[in-house]
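S.K.: Got a structure for you, questions after.
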Amino acid sequence: MKSGKRAHLSLADSSSEEGPLTGPVEDYLKAIYGLGRGSVSVATNDIARQLDLAPASVSGMVRRLADQGLLTYERYRGVTLTNLGRRAALRTLRRHRVIEAYLSGALHYPWDRVHDEAERLEHAASDELVDRMAAAIGEPATDPHGAPIPSREGHMDETEYLSLAELGAGYGARVVRVSDDDPEMLRYLGELEIMPGAEIVVISKAPYEGPITLRVSGTLLSIGPALASQVMVEPLTDMEAPAH
Ligand SMILES: [Zn+2]
């Protein structure tokens, strides 16, 4: 075989020895992956906060997932996904993001309504259905919020971006990705045309967490730093920065 190692990491093979993973288990693995970007250790308290659960119930689940070989837990280090757990998390992320992209691209759902549908469908859709959905919309690289879609083989672009809140006054940037789980925030960002692909210039930043004034598509507007921190951007070089 040309690439035995890669074949071994196939996402289609990520269920545990006891059979397919349950929805709650997939949600845990996805949350741990998101918090630790796949490789960094994560505190159980952070998992509890992310999943809106009591820390005690998270500790119990973490022990069960460790028994299944999906993660390791060390008292002072926290939770780390094993290769098996990482593969399962990427498979769930692929299903979630392909479903979002399909709902948006093929069924014309607005971008604030795809996340909740995908949260339910990601545990039920087969790999074949998801692969056919991806093919039907031209194998997109990202979901409607700009999040990268893992490949069938389990590879994902892990580039980290600055948030708009971190960008200095006078800088231009292109929006790469926005946080996807708050429909109200997505509707608001949509109204402001702050969406992946949009070009933005930071005109000024008030001190002490004050408002940030932006130019978006020729319009001046202000947003708060909390909202700006949910928008990931790629700074533009001077050559391609939009005119002030
Ligand atoms: Zn989503």
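S.K.: So how much accessible area does His155 have, in Å² to the nearest 10, using a 1.4 Å probe?
M.R.: 90 Å²
S.K.: With every protein chain present, what is the per residue accessible area of the stretch 119-227 (1.4 Å probe, Å²)?
M.R.: I get 52 Å² per residue for this part.
S.K.: Excluding Ser222 itself, what net charge comes from residues whose Cβ is under 14 Å from its Cβ, given Lys and Arg +1 and Asp and Glu -1?
M.R.: 0
S.K.: Expressed as a rounded percentage, what relative contact order does the chain have, with Cα pairs under 8 Å and six or more residues apart?
M.R.: 16 percent
S.K.: Among Ala66, Ala135, Tyr33, flag the residue with its Cα farthest along the positive direction of the charge dipole of the stretch 1-158, charges on Cβ as +1 for Lys/Arg and -1 for Asp/Glu.
M.R.: It is Ala66.
S.K.: Can you give the accessible area of Arg77, probe radius 1.4 Å, in Å² rounded to 10?
M.R.: 140 Å²
S.K.: Considering the Cα trace of the stretch 162-240, what is its radius of gyration and what is Dmax, both in angstroms?
M.R.: Using the Cα atoms of the stretch 162-240, the pair Rg, Dmax is 11.4, 35 Å.
S.K.: Right, here's the next one. As a check on your grasp of the helix formula, calculate [θ] at 222 nm for the chain: sum -39500 (n - 2.57) over DSSP H runs of n ≥ 4, divide by the residue count, round to the nearest 500.
M.R.: Rounded to the nearest 500, the figure is -11500 deg cm²/dmol.
S.K.: Continuing with this model, one more query. How much net charge surrounds Ser41 when only the other residues with a Cβ under 15 Å from the Cβ of Ser41 are counted, with Lys and Arg +1 and Asp and Glu -1?
M.R.: Taking every Cβ under 15 Å from that of Ser41, the sum is +2.
S.K.: Mark the label point 7 Å from the Cα of Arg77 along Cα→Cβ and return the residues of the stretch 31-53 whose backbone N is within less than 19 Å of it.
M.R.: Under 19 Å, as judged by backbone N against the label point of Arg77, lie 32-47 of the stretch 31-53.
S.K.: Percent of accessible area on the chain owned by carbon and sulfur, 1.4 Å probe?
M.R.: Answer for the chain: carbon and sulfur cover 51 percent of the accessible area.
S.K.: Find out how many positive minus negative residues lie around Ala169, taking Lys and Arg as positive, Asp and Glu as negative, among other residues whose Cβ is under 13 Å from that of Ala169.
M.R.: Summing Lys and Arg as +1 and Asp and Glu as -1 gives +1.
S.K.: Please compute the contact order of the stretch 162-240 in relative form: average sequence separation of alpha-carbon pairs under 8 Å and at least six residues apart, divided by the residue count, as a percent.
M.R.: Once normalised by length, the contact order is 43 percent.
S.K.: Among Val175, Gly218, Tyr109, flag the residue with its Cα farthest along the positive direction of the charge dipole of the chain, charges on Cβ as +1 for Lys/Arg and -1 for Asp/Glu.
M.R.: Val175
S.K.: Okay, moving on. Hull surface divided by four, with the convex hull built on the Cα atoms of the chain: how many nm²?
M.R.: 15.8 nm²
S.K.: Then there is this: So if I place +1 on the C-beta of Lys and Arg and -1 on the C-beta of Asp and Glu, and nothing else carries charge, what would the dipole magnitude of the chain be about its Cα centre? I want it in debye, nearest 20.
M.R.: Computed about the Cα centre, the dipole is about 660 debye.
The values are calculated or read from the model by the stated rules, or taken from the named source; none is laboratory data. What you are looking at is a predicted structure, and each value in this text was computed from that prediction instead of being measured. Neighbour counts are summed over all protein chains in view; Cβ atoms, including those assigned to glycine, are modelled from backbone coordinates with ideal geometry. Keep in mind that these areas ignore ligands, DNA and RNA; they rest on the heavy atoms of the full protein, side chains included. Shrake-Rupley method; radii C 1.70, N 1.55, O 1.52, S 1.80 Å.
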